[in-house]
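None of the figures in this text is laboratory data; all of them are computed from the coordinates on show. Just so it is clear, the model here is predicted, and its values are computed rather than measured. When we count neighbours, we look across all protein chains shown, and the Cβ atoms used for this are built from the backbone with ideal geometry, even at glycine.
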Amino acid sequence: MEKKIPLLGMTLEQLTDLTRQWGMPAFTAKQIAQWIYEKRVTDIDQMTNISKKHRELLHQHYNIGRSKPVTTLASVDGTVKYLFQTSQDGFVETVYIPDRDRATLCVSSQVGCKMNCLFCQTGKQGFGGNLTAGDIINQVLSVDDSDKLTNIVFMGQGEPFDNLDEVMQAIGILTAPYGLGWSPHRITVSTVGLHKNFTRFLDESECHLAVSLHSPIPEQRLSLMPAEKQMGIEQIVEVLRKYDFSHQRRLSFEYIVFKGLNDTLTHAKALVRLLNGLDCRVNLIRFHKIPDVPLDGVDMDKMTTFRDYLTHHGVFTTIRASRGEDIFAACGMLNTAEQEKQKASANLQHKPN
């Protein structure tokens, strides 16, 4: 049986090619896009202004491509974590974070991750494949409070710059008039810094950029983040100085504070030197303990002291509020649990009587 192709994640240009291929009127592409992205239908039969003949033709070869979450966990603070199955049968996490008049969705871009950062649960899983643009858009459309979203951050599982073609296609749909029509300034993409796609993102997108920093000392950053070897933090900052972040587009640096490792005055001074004159902010993040990783977080007094030093020396710094600590807060823990459950089930099925 022919495997049906998802319509979700297709651009208007791709939908136009599709309708032309099947001899449909040119305007049908805009109708399909409207049904998928604006009206958010989940079945081709719901596209009532497309002829029955053409809907039947679409049914033979395509589906919408929407899927509901496999698991949902709600925190006492309102944060909700979702587990989605991807079109390639992997699993990824998506987190909904309400905060007064804002509602942010943290989406994933890959199953697992190649970057293998010491402090990240996702990196322990290895790499399981890239998400399609449809997989990414499905996360946005299929959470319970999708219509309340004000912001999207690509800070879930995976390295967005390692799957930039699909990430950029998803962003294009999120911001296009035929898609969700969002401003790119409602979207933030996080990266460890990959040389091959770093400037491409900066040149082709107006979305905000968040760089995972975690140590201003290259040798120490390398011990935490192997990607430092490919594109070092000093090289990253040098490239960023060529771009203008003084207007609506925002540049931020993510800095998880580890006890006794990167929380000293020496590190604070090095951060000030590294970022001197760059229009940016630093987000300090509390570390959520994960299994088999010999790192610990710091108390709030230490976080505040570190923040105040940076702020007093010209680096705008905030402390990110910890959310959802009671629902597998560290990225990748829910996914890991699902993988282990499936492995256990498979082993049980194949166990000889």
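Straight-line cross-link reach from Lys196 at under 19 Å between alpha-carbon atoms covers these aspartates and glutamates, not counting any fewer than eight positions away in the same chain: Glu159, Asp162, Asp165, Glu166, Glu204, Glu206, Glu228, Glu234, Glu238.
Using only the C-alpha atoms, the convex hull of the chain corresponds to 164 Å³ per residue. Over region 43-202, the pair-distance histogram of Cα-Cα distances with 5 Å bins from zero comes to 2, 9, 16, 20, 19, 16, 10, 5, 3, 1, 0 percent, rounded to whole numbers. For the residues Asp162, Asp145, Asp292, a GNM of the chain with alpha-carbon springs under 10 Å puts the largest fluctuation on Asp292. Over the chain, with a Gaussian network built from C-alpha contacts below 10 Å, which listed residue (Gly156, Gly297, Gly23) shows the highest mean-square fluctuation? Among Gly156, Gly297, Gly23, the largest GNM mean-square fluctuation belongs to Gly23. By how many degrees, 0 to 90 and rounded to 10, does the Cα axis of helix 195-204 deviate from the longest principal axis of the chain? Taking Cα atoms only, the helix is inclined about 70 degrees. Put simply, the convex hull of the Cα atoms in region 110-260 casts, on average, a shadow of 9.7 nm². Compared with the alpha-carbon gap, the fully stretched path from Arg250 to Gln230 is longer by 4.8 nm at 0.36 nm per residue.
Using the Cβ-Cβ distance between Asp308 and Thr266 with R0 = 22 Å, the FRET efficiency computed as 1/(1 + (r/R0)^6) comes to roughly 0.85. The gain in end-to-end length when the Glu13 to Glu219 segment is fully stretched comes to 69.6 nm, 0.36 nm per residue minus the alpha carbon separation. Over region 1-55, the ratio between the Cα radius of gyration and 2.2 N^0.38 Å evaluates to 1.06. For Lys148, the aspartates and glutamates whose Cα falls under 12 Å of its own Cα, not counting residues fewer than eight places away in the same chain, are Asp99, Asp101. Label-to-label distance, Asp43 versus Arg200, with points set 7 angstrom from Cα along the beta-carbon direction: 4.0 nm. Between Lys114 and Asp77, the distance separating the two model label sites (each 7 Å from Cα on the Cα→Cβ line) works out to 3.3 nm.
Quick check: the angle from helix 333-350's long axis to the longest principal axis of the chain, C-alpha only, nearest 10 degrees? Relative to the chain, helix 333-350 is tipped by roughly 60 degrees.
With each label modelled as a point 7 angstrom along the Cα→C-beta vector, the Val70-Asp296 pair spans 3.5 nm.
Counting neighbouring beta carbons within 10 Å and listing from fewest to most, the residues His312, His54, His185 come out as His312, His185, His54.
For Arg281, nonlocal amide neighbours, meaning residues 5 or more places apart or on other chains whose placed amide H falls under 5 Å from its own, are Leu251, Ser252, Phe253. So if we plug the beta-carbon distance of Glu56 and Arg102 into 1/(1 + (r/R0)^6) with R0 = 51 Å, what FRET efficiency do we get, rounded to 0.05? In this case the efficiency is close to 0.75. Between the helical axis of 300-312 and the dominant principal axis of the chain, each derived from Cα atoms, what acute angle in degrees is found, rounded to the nearest 10? Approximately 80 degrees, to the nearest 10.
The residue among Phe27, Phe253, Pro226 whose Cα reaches farthest toward the positive pole of the charge dipole of the chain, with charges on the beta-carbon of Lys, Arg, Asp and Glu, is Phe27. Rg and Dmax of region 253-301, based on Cα coordinates, read 12.2, 39 Å.
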